[in-house]
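A short worksheet on the structure shown next.
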Amino acid sequence: MTTIFDNPAEFADDALDGFVAANRNYVARVDGGVVRSTEMNPNQVSLVVGGGSGHYPAFAGLVGTGLAAGSACGNMFASPAAGQIYRVAKAAAMNGGVLLSYGNYAGDVLHFGQAQVRLNAEGIETRTVVVTDDIASAPIEEWEKRRGIAGDLTVFKVAGAAAEAGLNLDDVERLAIKANYRTRSLGVAFDGCTLPGAEEALFHVPAGKMALGLGIHGEPGISEHPMPTASELAELLVSKLLADKPDDAGNEVVAIVNGLGTVKYDELFLLFGRIEKLLTEAGLTVVEPECGELVTSLDMSGLSLTLLWLDDELKTYWGAPADTPAFRKGNSVPRAQRNVAAAAEAEAAELETPTPAAAALGLQAVSAVAAIRDVVIEHEEALGNLDAIAGDGDHGIGMRRGVDAAAAAAQKTANLPGGTSVAAILTAAGEAWSEKAGGTSGALWGTAFIAAAAALGNKDSYSSQDAADAVGAFSNAITTLGKAEPGDKTMVDAILPFRDAFLTAISSGTEVIDSLKEAAVVSRDAATATSALRPLKGRARPLAEKSLGHPDPGAISFSLIVERLGQHFEQELMESGTRA
């Protein structure tokens, strides 16, 4: 039971603030998480890790020399928002590129992916290596679908050491991929954990039983067993991991016994002794092992075993020095402190002054986002009802939350002293949409807004080609991040026909507003046509038969929005007297 808190809703932020206060020699607070408070090498690759709070020492406790450059920290067991990840990565970046690494969970993949799109668009080369070590969550032939649990540590440590040694982004990424492929983990739980303010645990294991393969948030395991002895538990964990070893496994392994929250160190040490004996009997040499709490789950009663099969290269970087609040190895050279706050203030002061054209277009963007808000409000209930047929019914609510936040952020940004460019306004709107809406559609709309903002930029003049570029960037962001294809019954089925019709009209010399209106009609027809499709992506996929005969809510909401935008811009022109 978590008992020490003021407001449960603020627990994660309060805990992170206290963590920084206790570890200022290692970390500095930034909006969205923490970064190293010590100097890094010029042009060093920045490893940025992260995930939900409640897993300490993961993730903030692993920020420091020889390990991570920053950590994005979400709410309790929840992915950090894309904007948080972006801001942490920006603060951690040292001109050598960024490697994002995190456990393979749907929310993390979506939001880290959104941040990666934005960072790359700004010229900060960013790659991703997702940790997939949990053998209970998918068979070996589908290892890329596995969850990330305590194997986070091996991947982060190898990648962080490689970055500290001055390797370039290609090599840091390659080593992280290798470490992930050679890492296997399996966990057990004896009882569940309790979130701050909750009266009951997230799950329970029957008395006298042990659940095998539970995830670090209580995700379902693969079996239940009578409570074993230490020797029986060691045999179970070791045998299953050895049966799943990588093809190129050698005879040297790192063994990590990880406590999930309430299993005491004496118990972990006892179990490690049994495990080490079994590994030795199997012909393996245990190299620089770890035993303790490394990736926890609040007060969960449970533990996991991780094995990393080494080669000479991985052995070097696993054994390299590291100095972080929660993980130390060898002797690191002391580093001077850096002023993270001053760096952030200097960057803010360097914001470019908007051109008159960009400022004028920015005001149009504010009114356009307001028009989007109006049409979403008008259709909120209908969109929710449509989504409830084969989904969870929250599409209307989620769109409303996102667009309300986007409209408020756009207006606030436009009111900044000195004026604001269209790029700054749409970026603020996209960040707000993503962070407030949540879910897949929130991340996709937020990413698309930010991509369109980057395409429009801060220019001296704008033409129809800039509109075409913005539409192309918007749609490309959706397909890149969401990975949906035409026919999957998603918003992509309305977006791509809209994009193609718009670009075709622009290339033939049609005015922007007329192109928008023509493309909106195409989008509406395409959205309606999704009634005949079976969903191949998203939450509606398991209820595909129920979805038949009904259009996709994401496609419908997109078509409603672009139709309203066409009407909105035409009305603005008529009111200005530039269109009869």
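The values are calculated or read from the model by the stated rules, or taken from the named source; none is laboratory data. None of these values were measured; they are calculated from a predicted model. Heads up, the Cβs are rebuilt from the backbone with ideal geometry, glycines too, and the neighbour counts pull from every protein chain shown.
Below, the figures for the structure above:
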read-out	value
The range 118-128 - residue that is in contact (Cβ under 8 Å) with a residue 40 or more places away in the chain and surrounded by fewer than 23 Cβ atoms within 10 Å (Cβ to Cβ) and, of those, nearest to the chain's Cα centre (by Cα)	Arg127
Residue in the range 244-288 that is surrounded by the most Cβ atoms within 10 Å (Cβ to Cβ), counting only those that are farther than 27 Å from Glu142 by Cα and touching an Asp or Glu at 6+ places or on another chain (Cβ under 7 Å)	Gly261
Selected residue (only one of Ala189, Ala201 is at pLDDT 90 or above, out of contact with any Lys or Arg (no Cβ under 9 Å at 6 or more places or on another chain) and in the same structural domain as Asp244 (by TED's automatic domain parsing))	Ala189
Any hit, the range 181-188, residues being part of a loop (DSSP other than H, G, I, E, B), over 27 Å from Val98 (Cα atoms) and under 26 Å from the mean Cα position of the chain (by Cα)	no
Among (1) buried (at least 21 other Cβ atoms within 10 Å of the Cβ); (2) modelled with pLDDT of 95 or more - the single one Leu167 does not satisfy	(1)
Lone unmet requirement of (1) closer than 18 Å to Ser231 by Cα; (2) in contact (Cβ under 8 Å) with a residue 40 or more places away in the chain for Asp266	(2)
Enumeration of residues in the range 53-68 that are within 15 Å of Thr296 (Cβ to Cβ) and outside any strand (DSSP E or B)	Gly54, His55, Tyr56, Pro57, Ala58, Phe59, Ala60, Gly61, Leu62
Checklist (1) hydroxyl-bearing (Ser, Thr, Tyr); (2) crowded, with 24+ Cβ neighbours inside 10 Å; (3) at pLDDT 90 or above applied to Thr413, failing item	(2)
Within the range 2-52, tally of residues that are closer than 18 Å to Leu62 by Cβ, in a helix (DSSP H, G or I) and either modelled with pLDDT under 95 or outside the structural domain of Thr296 (by TED's automatic domain parsing) (or both)	1
Test: residue in the range 470-478 that is aromatic (Phe, Trp, Tyr), closer than 30 Å to Ile389 by Cα and either more than 29 Å from the chain's Cα centre (by Cα) or in the same structural domain as Leu363 (by TED's automatic domain parsing) (or both)	yes
Hey, Glu293 farther than 21 Å from Asp312 by Cα, out of contact with any Ser or Thr (no Cβ under 8 Å at 6 or more places or on another chain) and crowded, with 16+ Cβ neighbours inside 10 Å or not	yes
Considering residues of the range 384-420 that are more than 26 Å from the chain's Cα centre (by Cα) and touching a residue at least 24 places away in the same chain (Cβ under 8 Å) only, the residue farthest from Phe558 (Cα to Cα)	Gly418
Residues being at negative phi and either of a type in the set (Asp, Glu) or not in a helix (DSSP H, G or I) (or both) - total across the range 139-169	15
Single match in Lys489, Lys517 (criterion: touching a Lys or Arg at 6+ places or on another chain (Cβ under 9 Å), of a type in the set (D, E, K, R) and in the same structural domain as Ile556 (by TED's automatic domain parsing))	Lys489
Leading residue by the ranking (nearest to Ala106 (Cα to Cα)) among those in the range 192-245 that are part of a loop (DSSP other than H, G, I, E, B) and among the β-branched types (Val, Ile, Thr)	Ile216
Among the residues listed as Ser79, Ser71, Ser101, the single one being in a loop (DSSP other than H, G, I, E, B), within 18 Å of the chain's Cα centre (by Cα) and either outside the structural domain of Lys157 (by TED's automatic domain parsing) or among the hydroxyl-bearing types (Ser, Thr, Tyr) (or both)	Ser79
Meets criteria (in the same structural domain as Asn180 (by TED's automatic domain parsing), at pLDDT 95 or above and surrounded by 22 or more Cβ atoms within 10 Å (Cβ to Cβ)) for Gly61	yes
Filter pass, Leu314 being part of a helix (DSSP H, G or I) and either under 20 Å from Asp247 (Cα atoms) or among the aromatic types (Phe, Trp, Tyr) (or both)	yes
Ile495 at pLDDT 95 or above, part of a helix (DSSP H, G or I), buried (at least 20 other Cβ atoms within 10 Å of the Cβ) and touching a Ser or Thr at 6+ places or on another chain (Cβ under 9 Å)	yes
